Amino acid sequence: MRAKLEQLIELVGRGPVAMARVVDTTGPGPREAGAAMIVTGSGAVFGSLSGGCVEAAVVESARQVLATGNAVTDRFGYSDGDGLAVGLTCGGEIEVFVEPVSKERLAVLTALQARIAAGEPVALATRLDTTAEWRLIRPGTTDAWHGVDRDARALLDAGRSGIVGADECEADSSPRPRVFVHVFATPARMILAGANDFVRALSRTGRQLGYRVTVVDARETFATAARFPSAHEVVVDWPHRYLRTEHEAGRIDGRTVVCVLTHDTKFDVPMIAAALSIDDIAFVGALGSRRTHAERTERLRAAGVTESRLARLKSPLGLDLNARTPDETAISIAAQILAERGGGSARPLERLNGPIHH
């Protein structure tokens with residue numbers, strides 16, 4: 001939904017639409033909770049929930065929602081692909097909530113968009129019933145909401161979307177409806193040291209993966225926003241000095257990725273040393289040949305970097321894809337980052353057994 005929020009606001013301004021979101025998953029599945037699809041009154045479809053397995057059925061539900069104004073819940077389980085039942089061939093199960101979104105929702109949508117743009121964590125809580133009532137949840141807010149506000153804030157603090165509350169068997173004075181808490185956590189950071197074609201390519205790939213990308217280089221001539229249009233920010237500073245400043249300001253966390261692609265000793269050695277000294281950083285990588293890596297490692301040792309910290313360095317950076325161009329190299333680096341982040345083996349799936357999704 002994050003990627004479609006601007007489009008959703010634009011479409012709702014023209015008239016009611018139906019929005020379908022995956023709100024719960026069990027077992028292997030093609031998309032995580034929060035994946036969204038929009039269906040307009042004219043039948044136009046934007047987005048995907050399963051890569052094609054259940055979209056047609058969800059579109060039919062969306063038409064019903066637009067006709068009646070009432071939200072509905074669809075559940076899809078396993079289908080062998082040869083039968084008539086609509087379902088998932090991967091063996092998992094998903095729950096999809098389809099709701100009408102009209103102009104009355106624009107105030108909440110624009111407030112949500114503003115907080116995401118400002119880098120503030122926020123969640124959209126939605127009652128999973130015919131009312132589809134919404135509420136924005138922010139850190140530190142104490143407003144009571146159907147008895148689920150504390151649980152919703154706990155999910156927001158954890159940075160994880162999920163369902164809280166439960167359908168009550170008997171009505172009482174404090175019902176706890178089933179609520180989907182769609183969390184929009186602040187994006188993880190990718191800090192790229194250097195101002196060359198490899199940085200430009202990786203900044204594009206990093207942004208596509210959802211990172212907030214910063215390019216930093218001390219050379220004002222090369223470090224310009226025009227040369228790196230995909231980066232969220234381009235900073236003219238010595239990379240190691242910038243990184244330390246960001247760390248001291250509390251803007252580095254356990255999801256931060258640092259890639260050094262400068263190919264210049266006076267830049268990359270201080271930057272790598274600074275990055276390895278910060279335990280919170282999730283991934284530190286440096287581009288270069290094996291000879292460059294060996295020489296750089298000796299310089300890092302001479303600079304006082306310990307063996308235990310050197311062991312964290314991913315260098316030469318990237319997976320063995322025989323990548324040569326900047327774009328190919330960016331894919332190689334991004335694949336390694338994804339494997340490290342998700343605990344993947346980085347081996348071909350055809351040579352492995354067991355579930356594809358861990």
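Using the Cβ-Cβ distance between residue 220 and residue 251 with R0 set to 30 Å, the FRET efficiency from 1/(1 + (r/R0)^6) comes to roughly 0.85. Contact order for the chain, expressed relative to its length and based on alpha carbon pairs under 8 Å spaced 6+ residues apart, stands at 11 percent. The fraction of accessible area contributed by carbon and sulfur in segment 1-50 is 47 percent, rounded to a whole number (1.4 Å probe; ligands and nucleic acids excluded). Other residues lying with their Cβ under 11 Å from the Cβ of residue 159 contribute a combined charge of 0, Lys and Arg counting +1, Asp and Glu -1.
The charge dipole of segment 170-221, taken about its Cα centre with unit charges on the Cβ of Lys, Arg, Asp and Glu (plus for the first two, minus for the last two), comes to roughly 140 debye. Residue separation of residue 133 and residue 160 scaled by 0.36 nm, minus their Cα-Cα distance, works out to 7.7 nm of gained length. Accessible surface comparison of 146, 240, 182, probe 1.4 Å, protein chains only, largest first: the order is 146, 240, 182. The heavy atoms of residue 134 present about 20 square angstrom of accessible area, all protein chains included, probe 1.4 Å. Positive-end ranking of 310, 322, 345 along the dipole of segment 305-351, with charges on Cβ about the Cα centre, is headed by 310.
When DSSP beta bridges are restricted to pairs lying wholly in the chain, around 65% turn out antiparallel. Computing FRET efficiency as 1/(1 + (r/R0)^6) for residue 339 and residue 312, where r is the C-beta to C-beta distance and R0 is 22 Å, gives about 0.90.
Length gained on full extension, residue 143 to residue 48, computed as 0.36 nm times the residue gap minus the Cα-Cα distance: 30.8 nm.
Volume per residue of the convex hull around the Cα atoms, evaluated for segment 157-281, comes out as 124 Å³.
Using C-alpha pairs below 8 Å separated by at least 6 residues, the relative contact order for segment 228-314 is 29 percent.
Here the chain is assigned +1 on the Cβ of each Lys and Arg and -1 on the Cβ of each Asp and Glu. Its dipole about the Cα centre then comes out at about 1240 debye.
Translational diffusion of segment 176-246, estimated by Stokes-Einstein from the Kirkwood radius over alpha carbon pairs at 20 °C in a medium of 1.002 mPa s, is 163 µm² per second. Annotation: per residue accessible area for the chain equals 51 Å², rounded to a whole number [probe 1.4 Å, protein chains only]. For segment 206-358, what % of the accessible area comes from carbon and sulfur atoms, probe 1.4 Å? The computed percentage sits at 48.
Ordered from largest to smallest accessible area (heavy atoms of protein chains, 1.4 Å probe), the residues 136, 261 come out as 136, 261. Measuring max minus min along each principal axis, the C-alpha atoms of the chain give extents of 70, 49, 38 Å (largest first).
Using 0.36 nm per residue and subtracting the Cα-Cα separation, the extra length available between residue 328 and residue 303 on full extension is 5.8 nm. The label point for residue 289 and the one for residue 108, both projected 7 Å from the Cα toward the Cβ, are 5.9 nm apart.
The values are calculated or read from the model by the stated rules, or taken from the named source; none is laboratory data. Keep in mind that what you see is a predicted model, and the values were worked out from it rather than measured. Neighbour counts run over all protein chains shown; Cβ positions are idealised from the backbone, glycine included. Calculation scope for accessible area: heavy atoms of the full protein, side chains included, ligands and nucleic acids excluded. Shrake-Rupley method; radii C 1.70, N 1.55, O 1.52, S 1.80 Å.
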